[in-house]
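Laboratory data are not the source of any read-out in this text; all were calculated from the coordinates shown. Quantities reported herein were computed from a predicted structural model and do not represent experimental measurements. Cβ coordinates were reconstructed from backbone atoms using ideal geometry, including for glycine residues, and neighbour counts include every protein chain displayed.
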Amino acid sequence: MKGLKFEIKKIGSDYFKEIPYFKENSNYFLSINPNERNLEEDYFSLSNSDFAGLLVDEQREMLYRIAYLRPSLEEVQRGDRIPDFSVIVLDKNLNKLTEKRFDGKIFDCEMIFVSDEGLNIFRKDLYLKDENFMSFEVWSVERPFKN
């Protein structure tokens, strides 16, 4: 049996540079009550962008990395907690090909799947108009890459 090959590649988003730590000192977490709401932690997690998932498109030999593009702390404190998101497209060698941003008020980044047509992204704006229908918009990546 052959050993596993590991490769480390930085595959970031064009929309944020880093994912900060909530607290550098891990002893902080021993001091909080897990049964009480921690508003500081809530605000932090709702206002700092991060990565949410990875989808495989075997037909096109691509990977799609989902990134949550969260609102600022001030926007979260005003009640705007819905993140936009982006889809980072990678080739089979993990080279970044393109990235596209989606409006979180229109599209749902948690209801995405790959089909023969491309990446299917749920349209929550259309669903809210009539909950009897589930609508998906298909995003197909073509070469040369278009956003």
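Computed quantities for the displayed model
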{"read-out": "In nm, spacing of pseudo-spin labels at E131 and E18 (7 Å Cα→C-beta vector)", "value": "4.4"}
{"read-out": "Reported label for calculated semi-axes √(5λ) of the Cα gyration tensor in Å given (i) 28, 16, 15; (ii) 39, 16, 12; (iii) 30, 24, 14", "value": "(iii)"}
{"read-out": "Net charge over other residues, Cβ less than 12 angstrom from the Cβ of I66 (K, R count +1; D, E count -1)", "value": "-2"}
{"read-out": "Dipole moment magnitude, nearest 20 debye, the chain about Cα centre, only Lys, Arg, Asp, Glu C-beta charged", "value": "540"}
{"read-out": "Sorted peptide list for 80-90, 96-106, criterion being average Cβ within 10 angstrom, highest first", "value": "80-90, 96-106"}
{"read-out": "Listed residue pairs exceeding 22 Å between alpha carbons, taken from K10/K92; K100/K124; K17/K124; K10/K100; K105/K129; K5/K92", "value": "K17/K124"}
{"read-out": "Value at 222 nm in deg cm²/dmol, rounded to 500, when DSSP H runs of n ≥ 4 in the chain each add -39,500 (n - 2.57)", "value": "-3500 deg cm²/dmol"}
{"read-out": "Whether segment 67-147 is rounded, prolate or oblate, judged on the alpha carbon gyration tensor where a/c under 1.5 counts as rounded", "value": "oblate"}
